[in-house]
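The values are calculated or read from the model by the stated rules, or taken from the named source; none is laboratory data. Here the structure is a predicted model, which means the values were calculated and not measured. Here the Cβ is made from the backbone with ideal geometry for all residues, glycine too, and neighbour counts use every protein chain on show.
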Amino acid sequence: MAAARKHKRVAASQPGFLPLKSDPNNEASANLGRRKRVNKNKKKNWNKYSDVQDVEEFLEDVRLQERATGGLIADKPDESLFFVDTGEKKSIPKPEAVKKSKRSKPLRIDLILQPDSQVPAPKDILAYQRPNAKKLRRLAEKAEKLAAMGMLSRREKLLQLRKTAATHVKEKPLNSKDPGRGFYDLWSAGSPDPADPYYLEQTKKKLVKRPEKLNEKPSILPAVEVIAPGGSYNPDFLSHQTLLLEAHEAEVKKVKAEEKLERQLAVNRMDIATEESVFNEQVEGLIEEDEGEEMKETEHTAEDSKDAGAGPTAQPEKKTEKQRKREKAERIKELRKKAERKMLNSRQQLFQLRSIGADLKQRELRTKTRQTKRKAKQEAQKALPRRLGKLKFQVPDLEVQLSDELAGSLRTLKPEGSVLKDRFKSLQKRNLIEPRERAKFKRKHKVKYVEKRAFREIQ
């Protein structure tokens, strides 16, 4: 109560405060009432027995002044509250001005419906809020910048592309079952339009679109390889000798491969079992060894076991605090040395810019050479047969005749090889089919021979 009275006295003592409603009986009635002694130390009595009526009246008076006059009367200037009556008569207005004033004067019902409060309505924040306002503002600023630079934003470009795509829509051909499509008579004298897609499809003149992968050849080798000039029926001496040399080298490679395989599969003569080695293997473990040797072996094993069991396990001693501190200081010292060394190396690299540039150039040259080698290898592999199945491609033998087998004319020429085998190998070499072998016939059941009566009668 003391605090409320103090607040009242402070409010009333403000200079120029003019209350709109004055209630002198309220103060008298408040003083006449007997004060009740209440313990203010308890929280439950603070609101129950605290008299804040005078404070509420003061605040209500302030709110009334704000509603009625738009602010406190004490704060308003004298010109807005009072006027000086000089006694001079007002000038009589002209009838036109009276008519205008009558027209501009609002109706009484409108005056009644107007709000009395002079306090402006609170601003509705939600009315000014927009979803993604910050993002939209940023986009608008970006669009303005691009427009000033004479460029279009990504969104505007997409819209333009969509508009152009919509204008250039391809007309779909009419379906064959569409009744609005034009028909033609197959038995008519005039020929139909050859550009009609339906006509081309039905007459099988329009090919199906092939995938691009089917147009790629699996190998760059020609379908028919022309033999060397030395393979002619009447070749030159030098060309024939070069062809013979090539065939000789191929035969030498085959012989070397066979010899290598024989060496790998050959049996060492020292590993062959003899009668003595077989006997020793059979007798091994049957003959008893000397007792002296056995005793020596047992003694050695006993001594080894004693030595192994007698030695106690070494336990690591616990480090003292001094040792731990020393190790920690050494670790910190090593880390500092490493950091300093790293800084020194980075500084030294500034003086090695020329050598680093030269190293980079050498690396680039090495990478370029590797790329060229890799490309050359890839191009060379295009001419080689790939592994399409479990079998490898076997290069056929060269069809060549010796010098004494050469014929002077086509009549006396002996045929070499087979055209069918040549074409089959060519398909394998060009990766069109996988290498194959002739299927081996394996009998499921054994052949059973039976002697018939007629055979016995002949005997």
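Residues are listed down the side, and each one gets a yes or a no for (1) acidic (Asp, Glu); (2) closer than 30 Å to Ile220 by Cβ:
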residue	(1), (2)
Glu399	yes, yes
Leu406	no, no
Ser409	no, no
Ser426	no, yes
Lys429	no, yes
Ala439	no, no
Arg443	no, no
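For the stretch 340-352, which positions are of a type in the set (A, V, I, L, M) and at pLDDT 85 or above? Don't jump to the end; show me each part of the working.
Going residue by residue through the stretch 340-352, those that are of a type in the set (A, V, I, L, M) are 343-344, 350.
Met343, Leu344 - these are the residues of the stretch 340-352 that are of a type in the set (A, V, I, L, M) and at pLDDT 85 or above.
Applying the selection to the stretch 351-380, what residues are under 27 Å from Ser219 (Cβ atoms) and of a type outside the set (A, V, I, L, M, F, W, C)?
Arg370, Gln371, Thr372, Lys373, Arg374, Lys375, Lys377, Gln378, Glu379
A quick yes/no check of all residues on (1) surrounded by fewer than 11 Cβ atoms within 10 Å (Cβ to Cβ); (2) outside any loop (DSSP other than H, G, I, E, B):
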| site | (1), (2) |
| --- | --- |
| Lys390 | yes, no |
| Val395 | yes, no |
| Gln401 | no, no |
| Ala407 | no, no |
| Leu413 | no, no |
| Asp422 | no, yes |
| His445 | yes, no |
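Of the residues that sit in the stretch 400-459 and are under 30 Å from Arg386 (Cβ atoms) and among the hydroxyl-bearing types (Ser, Thr, Tyr), which one is modelled with the lowest pLDDT?
Filtering the stretch 400-459 for residues that are under 30 Å from Arg386 (Cβ atoms) and among the hydroxyl-bearing types (Ser, Thr, Tyr), the one modelled with the lowest pLDDT comes out as Ser418.
Just checking, how many residues over the stretch 207-250 are in a loop (DSSP other than H, G, I, E, B) and polar (S, T, N, Q)? Spell out the reasoning first.
Step one: list which residues in the stretch 207-250 are in a loop (DSSP other than H, G, I, E, B), which gives 207-211, 216-228, 232-236.
Subsequent filtering for residues that are polar (S, T, N, Q) retains 219, 232, 234.
The number of residues fulfilling the criteria is 3.
Scan the stretch 226-248 for residues that are closer than 24 Å to Gln428 by Cα and exposed (fewer than 10 other Cβ atoms within 10 Å of the Cβ) and jot them down.
If the condition is that a residue be closer than 24 Å to Gln428 by Cα and exposed (fewer than 10 other Cβ atoms within 10 Å of the Cβ), then Val226 is the only one that fits.
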